[in-house]
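Trainee: The structure is given below, and queries will be raised subsequently.
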């Protein structure tokens, strides 16, 4: 059995799954139930100045009958009194000393407020701090949250204030509402943060009610931009995580990956691209804490199958395979093949290739079933047919190299090779 | 043993004849199945529908809550898409061709989804179609069944005024009078006819019999074209002794009475034999059982391999507790005091003929069933005399037409069961559409059928 325990800057947890700063981690009642269920750690919902929430607060995006592909909220940081939060954090740490307790913070925009808040939080025995530089709504108007994360200079100064006071590990949580997360990440690292976490939510409008004409979520006839998360944002989070893993400055610190992690597979992908731990929220809000069982079990079985003993054996392993486009091998070429035994004649490959790609599939009319075959000489190896085929392994991509040697675009240009060669 | 009516309580009748394929209870339930649809290109389900309904399109429309669009997609191919969703043998048509069958998965419940869209359209009387401006032509149609109504609707949409002559008191034809009541209710049949005629431009004259109340010549004189869609009617005779005994009925009349007189009024025996294994035989047998017969036995002279009904239909009968005697050819109906007491059959064996096809051969063995009622369901006969009187060319009573419904008389067109001898409702709807197309072309070209017979 593999060892799935995590060590994040000395903060240990029996598994790499932390509950992200959000409603599931805003009170003792929830956190104790999460720990009982088996979660490795929590990031306690952001503490800071007094706020007041509105309703409704959530909206979601459904897709083809599946609910909550994307999730959106306009909730603010913790709206409970600070002293109650601090007391409960201390109790949770005492009751579950083996679990990671990180506390998310968002102090008012001055050094004293940060110092004071950090002192109070450290008194609880918490293991780490996470700076919320990402909340995209409500707090930005006060110059906090994403307003900090979007400006590397401000972010750097705040981190510097924090590092003056903090005696436990500090994680800086980045906002995705920027053209690149790297500048703020660098500023935070250069100002001394011990680690990074990403992504926070993405500003969004999830939709408009077609009866009332009011966008979601509806707050008494009005709406506001919310923060988008859930399965829909995972690809964006993975991209941003990778840029942090690739950058020489930001890659110096460990990262906690966030953004649509719903299954052990998602977690493994985040870790392969550089995350040491992952944070989960939407999936837990949707299905409850019980999902931790499969999150752990699935990761464990996969690690056994792949021969990984600890999570350190694979963290970051996929990062080097993500390169720039002009490094890709132009001589690598694949061609689709349709297994006629498996084909159910739905024609989806045909029409997507016909309308959306390179007209490389041949249709032989039949009643009621048509026969579809690949025109190999026309196939550009784009993969679209394989992606839309509803049958597993019916369409496979077969390698038909154009040349033995590795040839990238830069070399292709240098040699002045003809454009329409292949 | 007795043949009698009023065997059950009102509650029992209601229960026995309630909808056999209940609709989706909720939107969500429909969505789950609609979202399973792969949205096939050049879809096999569409190709397997005689009316060519664009099935993936209407299912996709259901997934986006565009029910009005879905209903329009269905009705523009098949104006009886509501009824067909209830009575079509979908397991051998659209659903039988669903690609999920090739993945060993449950086919999309196309009929149920079709019903989900059409039932609402009919119940809420959505006006989905608009007539084009009148073209100053009028067409007479004989028969307000699926072919006639489909033809009328298509013509009226094109601005042609249509008068339908119908011998019964209600429209719908086979749908209203010839199908088991647990598949379509009489109320639904009425609503469906109203839905079709609500387009306008379609006048149905009920109780008008061709050859009695009105002649073909009169119609030819008074209208620009005539479409004959009077179906088939007479039950095929067995030509065996005892056929005239009291207690011997034909399935067409039996089902007609159930639809027309109400369940309690229809007499049924204790021990009923139904001869035949087609859809009508199944409808007769299951309904005899549901009317309170103690024992119902289907008698068929071949085996399950050759039966004309689908397996799904046969299973309805078996689940209703009907028995099936295979390889039995009725030889004689015996009676006492003029009333049926026994059905005597020859046991049959199948032997390959010269061409290798298995043919029934009568053996010496006899099968005797004690019965007090015999329902004959061995096919229907065309109205041969009527067709002969109209001086139409025909093949054994089936009106002879070209591929698109042109008869031997200029300006007279025909389609549906009276041409093909009896097929599914959906085939008749398509025939009506085809007929309308050729009639419109004929009217616009000034009275010459392009390719006469």
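Read-outs throughout are calculated quantities, based only on the coordinates presented, and are distinct from any laboratory measurement. On a predicted model such as this, the values are computed, not experimentally measured, just so you know. Don't worry about glycine lacking a Cβ; one is built from the backbone with ideal geometry, like all the others, and counts go over all protein chains shown.
Trainee: On average over all directions, what projected area in square nanometres does segment A:306-396 have, based on the convex hull of its Cα atoms?
Mentor: Approximately 8.6 nm², given one-decimal rounding.
Trainee: Find how many whole Å separate the alpha carbon centroid of segment B:327-368 from the alpha carbon centroid of segment B:299-315.
Mentor: With segment B:299-315 and segment B:327-368 each reduced to a Cα centre, they are spaced 16 Å.
Trainee: Please compute the modelled spin-label separation between residue B:124 and residue B:221, points set 7 Å along Cα→Cβ, answer in nm with one decimal.
Mentor: 4.9 nm
Trainee: So what's Rg/Rh here for segment B:137-181, counting alpha carbon atoms and using the Kirkwood radius for Rh?
Mentor: 1.03
Trainee: Specify the angular offset, from 0 to 90 degrees and rounded to the nearest 10, of the alpha carbon long axis of helix B:27-36 from the longest principal axis of the alpha carbons in chain B.
Mentor: Approximately 90 degrees, to the nearest 10.
Trainee: Where Rh denotes the Kirkwood radius from the mean inverse Cα pair distance, what is Rg over Rh for chain B?
Mentor: Radius of gyration relative to Kirkwood radius: 0.98.
Trainee: Moving on to the next point. What is the helix-to-structure angle for A:292-306, meaning the angle in degrees between its Cα long axis and the longest Cα principal axis of chain A, kept from 0 to 90 and rounded to the nearest 10?
Mentor: Taking the Cα atoms of chain A, the angle to A:292-306 is about 50 degrees.
Trainee: Residue A:53 to residue A:84: extension gain in nm, 0.36 nm per residue of separation minus the Cα-Cα distance?
Mentor: Full extension from residue A:53 to residue A:84 adds 9.4 nm.
Trainee: Sticking with this one: Given R₀ = 41 Å, FRET efficiency for residue A:410-residue A:111 by Cβ-Cβ distance, to 0.05?
Mentor: Step by step, r from the Cβ atoms, then E = 0.25.
Trainee: Something else about it: If one puts a single equal scatterer on every Cα of segment A:171-324 and applies the Debye formula without solvent, what log₁₀ I(q)/I(0) results at q = 0.10, 0.14, 0.20 Å⁻¹?
Mentor: -0.41, -0.74, -1.21
Trainee: Round to the nearest 10 and give me the degree value, 0 to 90, for the angle of helix A:28-37's Cα axis relative to the longest principal axis of chain A.
Mentor: Long axis of A:28-37 versus the principal axis of chain A: about 50 degrees.
Trainee: Let me ask something else. If r is the Cβ-Cβ distance from residue A:400 to residue A:163 and R0 is 45 Å, what FRET efficiency results, to the nearest 0.05?
Mentor: 0.20
Trainee: Whole Å is fine, so just give me how far the alpha carbon centre of segment A:55-114 lies from that of segment A:372-421.
Mentor: For segment A:55-114 versus segment A:372-421, the Cα centre distance is 47 Å.
Trainee: Shifting gears a bit: How high is the FRET efficiency between residue B:319 and residue A:314 when r is their beta carbon distance and R₀ equals 56 Å, given to the nearest 0.05?
Mentor: Given R0 = 56 Å and the Cβ-Cβ separation, E is 0.50.
Trainee: Still on this structure, please answer the following. Taking 0.36 nm per residue of sequence separation and subtracting the Cα-Cα distance, how much length would be gained by fully extending the chain between residue B:10 and residue B:131, in nm to one decimal?
Mentor: 39.2 nm
Trainee: With no solvent and one point on each alpha carbon, what is the Debye value of log10 I(q)/I(0) for segment B:382-453 at q = 0.18, 0.23, 0.27 Å⁻¹?
Mentor: -0.65, -0.99, -1.20
Trainee: In whole Å and largest first, what semi-axes does the C-alpha gyration tensor of segment A:6-321 yield when each eigenvalue is scaled by 5 and square-rooted?
Mentor: The three semi-axes for segment A:6-321 are 26, 24, 20 Å.
Trainee: Evaluated at 4 °C with a viscosity of 1.567 mPa s, what Stokes-Einstein diffusion coefficient in µm²/s does segment B:21-124 have when Rh comes from the Kirkwood expression over alpha-carbon pairs?
Mentor: 98 µm²/s
Trainee: Quick check on the protein assembly as shown: of the DSSP beta bridges with both residues there, what percent are antiparallel, nearest 5%?
Mentor: Just about 45 percent of them are antiparallel.
Trainee: Determine the gain in length on full extension of the stretch residue B:332-residue B:312; use 0.36 nm per residue of separation and subtract their C-alpha separation, reporting nm with one decimal.
Mentor: Value of the extension gain: 4.2 nm.
Trainee: Something else: Take every Cα-Cα distance within segment B:303-453, group them into 10 Å bins from 0 onward, and report for each bin the whole-number percent of pairs it holds.
Mentor: Calculated over all Cα pairs of segment B:303-453, the distribution is 9, 23, 24, 22, 15, 5, 0 percent.
Trainee: Translational diffusion coefficient, Stokes-Einstein: compute it for the protein assembly as shown using the Kirkwood radius over C-alpha pairs as Rh, at 20 °C and 1.002 mPa s, and state it as an integer in µm² s⁻¹.
Mentor: 64 µm²/s
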